[in-house]
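> I'd like to ask you about the structure that follows.
What follows is calculated from the coordinates using simple rules that are stated; it is not laboratory data. Because the structure is a prediction, the values reported are computed rather than measured. Positions of Cβ are generated from backbone atoms using ideal geometry, with glycine treated the same way; all protein chains shown enter the neighbour counts.
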Amino acid sequence: MRRDPVTMPNQDKIFATPQQDIQDFSFNEQVVSVFPDMISRSIPGYGAIVDGIGNICQRVAKPNTQLYDLGCSLGAATLSMRRHLSDQGCRIIAVDNSQAMIKRAQEHLNAFVSPTPVELVCGDIRDVEINNASMVVLNFTLQFLPPEDRASLIAKIYKGLVLGGVLIVSEKLRFEGDKLHKLIDDMHLDFKRANGYSELEISQKRTALENVMKPDSKQQHYQRFAQAGFTEYSSWFQSLNFTSLMAIK
Ligand SMILES: Nc1ncnc2c1ncn2[C@@H]1O[C@H](C[S@+](CC[C@H]([NH3+])C(=O)[O-])CC(=O)[O-])[C@@H](O)[C@H]1O
Ligand SMILES: O=C(O)C(=O)Cc1ccccc1
């Protein structure tokens, strides 16, 4: 059967065969080609979060403002936001530093029509200016930024939001408490097994992610929000060790 790369995701088999020397995980062409399958089989609640981002967008997008999707990958959050925007003078700016992701994201965006313009930027989210923003989304992106760069990014976003503007931060969580962390992490491994990943795939991917993805605890996220100036924030979705947080200016 022929698979259309835009509509029919290829199955993720990247870690299915034993690898001599496991390279650090990177968002390269190989990952791009299986990304929708990989992310939906790895993150419990991913689809519900993307849908929720559209719902939130419908409620908080203000006319003539900008909406940002930082670390957009193939543009799932951008598409969800764009579907919920009418012709109200908004603009979406979607940023990713993987050229392979941006190339494929452009194809996804072209597959639908909308009055809302989308600017796709291949660049580092640490270098992007945020202004006149009614919504900023970091959907599973902050965890890939070096920990020492996270607070300044959140502070920059706070400054760029309009009053009433909303920041969404979806992340894998680390739990403060070893027993709690292990129990919920083991439940997540069962989620991956139930989605067809083998023990080899699970363990090789874990090794590949070790140096590049460093999850924070919910307490660390809340502390960072407060430090940036936010006074209202909460988790609006959680499934096992994956959550989506919102902070309102
Ligand atoms: N410094 C950086 N600058 C720009 N992009 C970056 C940076 N660091 C990482 N990325 C990009 O952040 C994305 C993270 S995936 C986001 C899913 C998407 N939001 C979704 O709703 O499907 C999450 C995951 O795969 O778990 C990748 O595309 C990276 O290239
Ligand atoms: O696979 C995992 O265990 C994860 O933590 C999530 C994930 C999903 C897609 C790319 C990288 C990490």
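> With the cut-off at 27 Å, tell me which of the pairs K159/K179; K156/K218; K62/K103; K13/K179; K192/K249 have Cα atoms farther apart than that.
Violating the 27 Å limit, Cα to Cα: K159/K179; K62/K103; K13/K179; K192/K249.
> Only Cα pairs under 8 Å and at least 6 apart count here; give the relative contact order of the chain as a rounded whole percent.
So the answer I get is 22 percent.
> Quick one: dipole size for the chain, taken about the Cα centre, charges +1 on Lys/Arg Cβ and -1 on Asp/Glu Cβ, in debye to the nearest 20.
520 debye
> Note down the nm distance, to one decimal, between modelled labels 7 Å out along Cα→Cβ at E129 and at L189.
Calculated label separation equals 4.8 nm.
> Continuing with the same structure: Residue-wise, which Karplus ³J(HN,Hα) couplings in Hz belong to the range 98-112, taking 6.51 cos²θ - 1.76 cosθ + 1.60, θ = phi - 60°, and x for glycine or proline?
Using θ = phi - 60°, the values come out as 9, 4, 5, 5, 4, 4, 6, 4, 4, 5, 4, 5, 5, 6, 10 Hz.
> Right, next: Around I93, which amide H atoms from residues at least 5 apart in sequence, or from another chain, sit under 5 Å from its own amide H, with H modelled in the peptide plane?
Excluding prolines and chain starts, which carry no amide H, the hits are L67, Y68, D69, E119.
> Taking 35 Å as R0, compute the FRET efficiency from the Cβ-Cβ separation of H181 and R59 and round it to 0.05.
With a Förster radius of 35 Å, E is 0.55.
> Let me ask something else about it. Most fluctuating residue of D21, D51, D185 in a GNM of the chain with Cα springs under 10 Å: which is it?
Of D21, D51, D185, the most mobile in the Gaussian network model is D21.
> Exposed loop sites here are GluC sites (Glu not before Pro) in DSSP loop states with at most 13 other C-beta atoms within 10 Å. What is the longest stretch of the chain lacking them?
By the stated rule (loop sites, at most 13 other Cβ atoms within 10 Å), 1-128.
> Let me know the shape class of the range 139-223, please: from the alpha-carbon gyration tensor, a ≥ b ≥ c as square roots of the eigenvalues, rounded when a/c is under 1.5, otherwise prolate if a/b is greater than b/c, or oblate.
It comes out prolate by the Cα gyration axes.
> For the charge dipole of the range 160-249, defined by +1 on Lys and Arg C-beta atoms and -1 on Asp and Glu C-beta atoms about the Cα centroid, which residue among Q204, I184, F242 has the Cα displaced farthest towards the positive pole?
Of the listed residues, the answer is F242.
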